[in-house]
């Protein structure tokens, strides 16, 4: 039997797949929802923010008004795996219905997943492999067909799929046999 290792991309690798405007929207929505989220989501973001986010005029960046925090947080999001994990975890918690709907959809399609409530922030990053025959267009179309009355953007569905599966479409499973890495197009 071959010695197989699992390869991970750091959480901040998601920035290669996210449009900057969508990244900013995710951060804004998440920071805005923090007061309504349990402490186990709020505290890590505040701690990381104090440590790495620089908001001019504030010694404690976590205390800065939302409007002043978004841009510096977005810049830190591009470099910090810990911040990405904390933000995405809180974002998913704030979208509990979408999380459950996406989870159910992926299970029906045969994806292997951790439970929706699992703490993905404890993982080293995203898996590099993506299931054969799956892409964001097909997945969002399947979501719309399964949940026709749910009003949610394809970007949100795609991001939730990435977070729940803890996978980025960097390599497709079939590519593992040919030995070549090829980056996937920007999708989120």
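The values are calculated or read from the model by the stated rules, or taken from the named source; none is laboratory data. All values derive from a computational prediction rather than experimental measurement. Positions of Cβ are backbone-derived with ideal geometry, glycine not excepted, and every protein chain shown enters the neighbour counts.
Scan region 28-41 and give yes if some residue there is farther than 23 Å from residue 96 by Cα and in contact with a helix residue (DSSP H, G or I) (Cβ under 7 Å, 6 or more places away or on another chain), otherwise no. No, region 28-41 contains no residue that is farther than 23 Å from residue 96 by Cα and in contact with a helix residue (DSSP H, G or I) (Cβ under 7 Å, 6 or more places away or on another chain). Taken together, 84, 188 contain a single residue that is modelled with pLDDT under 95, within 20 Å of residue 20 (Cβ to Cβ) and surrounded by 13 or more Cβ atoms within 10 Å (Cβ to Cβ), which is 188.
Every residue, every condition in (1) touching a residue at least 24 places away in the same chain (Cβ under 8 Å); (2) within 22 Å of residue 35 (Cβ to Cβ), yes or no:
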{"residue": "70", "(1), (2)": "yes, yes"}
{"residue": "90", "(1), (2)": "yes, yes"}
{"residue": "95", "(1), (2)": "yes, yes"}
{"residue": "99", "(1), (2)": "yes, yes"}
{"residue": "115", "(1), (2)": "no, no"}
{"residue": "131", "(1), (2)": "yes, no"}
{"residue": "139", "(1), (2)": "yes, no"}
{"residue": "153", "(1), (2)": "no, no"}
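One residue stands out among those in region 1-53 that are within 15 Å of the chain's Cα centre (by Cα) and farther than 21 Å from residue 95 by Cβ: the one that is modelled with the lowest pLDDT, which is 8. Annotation: of all residues in region 137-185 being part of a helix (DSSP H, G or I) and modelled with pLDDT under 95, the one that is nearest to residue 90 (Cα to Cα) is 173. Of all residues in region 74-103, those that are within 21 Å of residue 154 (Cα to Cα) and not in a helix (DSSP H, G or I) total 1. Just one of the listed residues (48, 27, 14, 43) is in contact with a strand residue (DSSP E or B) (Cβ under 8 Å, 6 or more places away or on another chain), surrounded by 13 or more Cβ atoms within 10 Å (Cβ to Cβ) and either assigned to a helix (DSSP H, G or I) or free of Cβ contacts under 8 Å to residues at least 12 places away in the same chain (or both), namely 14. For region 104-129, the set of residues classified as farther than 20 Å from residue 92 by Cα and in contact with a strand residue (DSSP E or B) (Cβ under 7 Å, 6 or more places away or on another chain) consists of 128, 129, listed by residue number.
Being over 13 Å from the mean Cα position of the chain (by Cα), outside any helix (DSSP H, G or I), over 22 Å from residue 28 (Cα atoms) and touching a residue at least 24 places away in the same chain (Cβ under 8 Å) is not true of residue 106.
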